[in-house]
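See below for the structure under consideration.
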Amino acid sequence: MSIRLRFAPSPTGFLHVGGLRTALFNYLYAKKTNGKLILRIEDTDQNRKIKNAVNHLIKTFEKLNIKFDEGPIQSGNYGPYFQSQRLHIYNKYIAKLIDSGNAYYCFCSTERLNELRKNLSQKKQIIKYDRKCLNLNNKEILKKKKSESFVIRMKVSNEPEITFYDGIRGKLSVKCEEIEDQILIKGDGFPTYHFANIIDDHHMKITHVMRGEEWLPSTPKHIILFNFFGWNPPKYYHLPLLLNPDKTKLSKRQGDVAVENYLQKGFISEAILNYVALLGWHPSSNNEMFSLKKLEKEFSLKRIQKSGAVFDIEKFIWINSQYIKNIDVNTIADLSR
Ligand code: GLU
């Protein structure tokens, strides 16, 4: 079986160091296994569209020397790697889920849903949709569709729990009663992250999903969706959170999080990759200096840690200084200019 991985950012206009860490780990594992790395643009949130964000992202990866085997190329060749170009595929599969009774139309207004959430939270109950629209009949649905806006939700299975295996955390289980009937298709007709993500992981034959820990709570929903279609889910690896030195989640407030800012400040590309590789992964020896080529050989999934990784700017600067010391004087002059 050939290994296929993907980096699947939503184009936000800049590359977060956490995003680079995800992309880099996927890249290294693809290199190590002779697999393929795919760049997939998850741009289904129409409210957050940013002009030129993808070209900018591709340029940043070029500066870092991270190459994708498949993905959109610059100057407008979007190919099949933009989710916004794949609505026909999502529409086909949502129709299947509605037919099989695993998804349903929901016409509830935002006001009603807000009220519901408020009540549940006051009663300290699990906040989730109450399935008011689950049993509408076809006639009612057709009538409502003419005049009301709607979303499509998944009907979470009746099984007691969903169990899945995470390559870093081991076996995990979540009770189905704690999982909300997730919206799969939004009011504007675009799929949500969850739906587009699993349809694409299946169609792009992704074998391993390596992504940030913040996506761990979404994974049971993804497993349920894979089960609905009778597809095998990929292997999951949720990478540890990146933390500020005070152990809070890494945020802009405590320093730069955009890779572009470090490049602009004159950090050497390879030093950036070297430092970012150490965020949640550790080498087999005490040596922490790794060129990209060396990382490609040394990287191993087994040495990814569970606990959060502190982004330590002092250490980053120190690693960068080691690279600067080893660059010949002409290159330093060029870079300085
Ligand atoms: N689009 C998600 C993101 O912005 C991708 C998460 C995933 O890899 O499943 O990070």
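Worth pointing out:
- Relative contact order of the chain, pairs being alpha-carbon contacts under 8 Å that are 6 or more residues apart, as %: 18 percent
- Anisotropy class of the stretch 87-242 from Cα gyration tensor, a/c 1.5 cut: oblate
- If you run the Gaussian network model on the chain, springs between alpha carbon atoms under 10 Å, then out of 120, 37, 97 the most flexible one is 120.
- Over 19 Å [Cα-Cα, the stretch 157-274], rounded percent: 60 percent
- Alpha-carbon Rg with Dmax, taken over the chain, Å: 22.1, 77
- Within the accessible area of the stretch 1-73 (1.4 Å probe), percent carbon and sulfur: 47 percent
- Amide H contacts for residue 242 (H built 1.01 Å from N in the peptide plane; partners 5 or more residues away or on another chain; cut-off under 5 Å): 250, 309.
- For the stretch 212-337, the average shadow cast by the Cα convex hull is 10.3 nm², which is a quarter of the hull's surface.
- Part-to-part distance (alpha-carbon centres) for the stretch 1-80 and the stretch 266-337, which is given in Å: 20 Å
- Residues with amide H under 5 Å from that of residue 103, placed H, sequence gap 5 or more: 98, 155
- Stretchable slack from residue 231 to residue 119, in nm (0.36 nm times residue separation minus alpha-carbon distance): 36.6 nm
- Site pair residue 169 and residue 325 shows an inter-label distance of 4.0 nm when each label is modelled 7 Å from Cα along Cα→Cβ.
- Think of it this way: in the chain, 108, 176 stand alone, with no other Cys Cβ under 4.7 Å.
- The distance between label points at residue 149 and residue 100 comes to 3.0 nm (points 7 Å beyond Cα on the Cα→Cβ vector).
- The Rg/Rh ratio of the stretch 1-126, with both radii computed over alpha carbons and Rh defined as the Kirkwood radius, is 1.09.
- On Cα atoms only, tilt of 53-64 relative to the major axis of the chain in degrees: 30 degrees
- Most fluctuating residue given options 214, 288, 111, as computed from a GNM of the chain linking Cα atoms under 10 Å: 111
- Rough spin-label spacing in nm, given labels placed 7 Å along Cα→Cβ, for residue 87 and residue 335: 4.6 nm
The values are calculated or read from the model by the stated rules, or taken from the named source; none is laboratory data. What you are looking at is a predicted structure, and each value in this text was computed from that prediction instead of being measured. We place every Cβ from the backbone using ideal geometry, glycine too, and count neighbours over all the protein chains shown. The accessibility values were calculated without ligands, DNA or RNA, using every heavy atom of the protein model including side chains. Shrake-Rupley method; radii C 1.70, N 1.55, O 1.52, S 1.80 Å.
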